[in-house]
Amino acid sequence: MKSSPSARSWIAAGVRHELLTRALPSLRHDMAAPVSVIRMALLMLKRQISAPAIDTAACEERVGLIDSQVSELVDAIRSLRDWELATVDDGVTRSALVAQCVTLMRAAFDLHGVALEKDDSLNPSDDEQRWPAAAALRYLLLGAMGYLHDAAEEAGTIRIEADGANALRLVALPREQDASEAILDAHRAPRALAIDAVALQNLAEDLGYAVALDAASVRLVLATRN
């Protein structure tokens, strides 16, 4: 039985949920780090206040630190809205999009012995074009990264480079086998919800973008299909 448009939309929603789940450890870290600093600063502030002679300058320094960390925490919480497709945003440049996604997934990929590498063509520049729908593009790029991570079993590096003026190309490069990598790979647990070609194509079609892929590469266009 051929799947209905509604069913394909549910499949795409499931892929987005899986991608958000994979990014959550990094997002949690961004929110937990300021909390740890705030707790330490409050502890030091309590000690300074309870001292026989209160050091006003030191107390003001601690209060300033707490204030800055609260601002970082608020920004991190607000950033969760960036994952909502219905939210209107001001777009994203190609270099910023790649930098965001690499930062989100670098630690998780490193644990599986897969390095993320950006080409110099993705260095920021002042005249870069901003592409609309940053949330959709983030899901799309994370999906492409997840596809190569899950599908290319021998991948040691995923390289991301600019492709023309409006696209990105991701290539999975084979790893150089050595003893440490062999041990790491042997303990790599299989994913029950792997991002395969069907999942990535469903995601791209639902978001309105075009992707071209094979076993070791993905090309995605940043402009929506007309």
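The values are calculated or read from the model by the stated rules, or taken from the named source; none is laboratory data. Just so you know, these numbers come straight off a predicted model, no measurement behind them. Here Cβ is always computed from backbone atoms with ideal geometry, including for glycine, and neighbour counts include all displayed protein chains. Please note that ligands, DNA and RNA were not included when accessible areas were found on the heavy atoms of the full protein model with its side chains. Shrake-Rupley method; radii C 1.70, N 1.55, O 1.52, S 1.80 Å.
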Surface accessible to a 1.4 Å probe, per residue, for the residues of region 23-136, Å²: 63
Selection of GluC sites (Glu not before Pro), region 92-185, meeting DSSP coil and at most 16 other Cβ within 10 Å: Glu128, Glu153, Glu154, Glu176
The chain, relative contact order [Cα under 8 Å, separation at least 6], %: 21
Inter-part distance where region 83-116 and region 134-164 are each reduced to a Cα centre, Å: 10
Reported label for calculated Cα extents along the principal axes in Å given [x] 59, 42, 33; [y] 48, 41, 36; [z] 76, 48, 41: [z]
Rounded percent of accessible protein surface that carbon and sulfur make up, the chain, 1.4 Å probe: 57
Highest-MSF residue in the chain out of Ala12, Ala212, Ala152 [GNM, Cα springs under 10 Å]: Ala212
Computed over region 1-114: relative contact order in percent, which uses C-alpha pairs under 8 Å that are six or more apart: 30
In region 11-104, GluC sites (Glu not before Pro) in a DSSP loop with at most 14 other beta-carbon atoms within 10 Å: Glu84
Whole-Å distance, taken between Cα centres, linking region 10-55 and region 207-226: 35
Zero-based 5 Å bins, Cα pair distances in region 55-147, whole percents: 2, 11, 16, 17, 16, 14, 9, 6, 5, 3, 1, 0
Pair Val35, Thr224: separation of 7 Å Cα→Cβ label points (nm): 3.6
Helical contribution to [θ] at 222 nm, DSSP H n ≥ 4, -39,500 (n - 2.57), averaged over the chain, rounded to 500: -19000 deg cm²/dmol
Trypsin sites (Lys or Arg not before Pro) restricted to DSSP loop in region 20-69 with at most 15 other C-beta within 10 Å: none
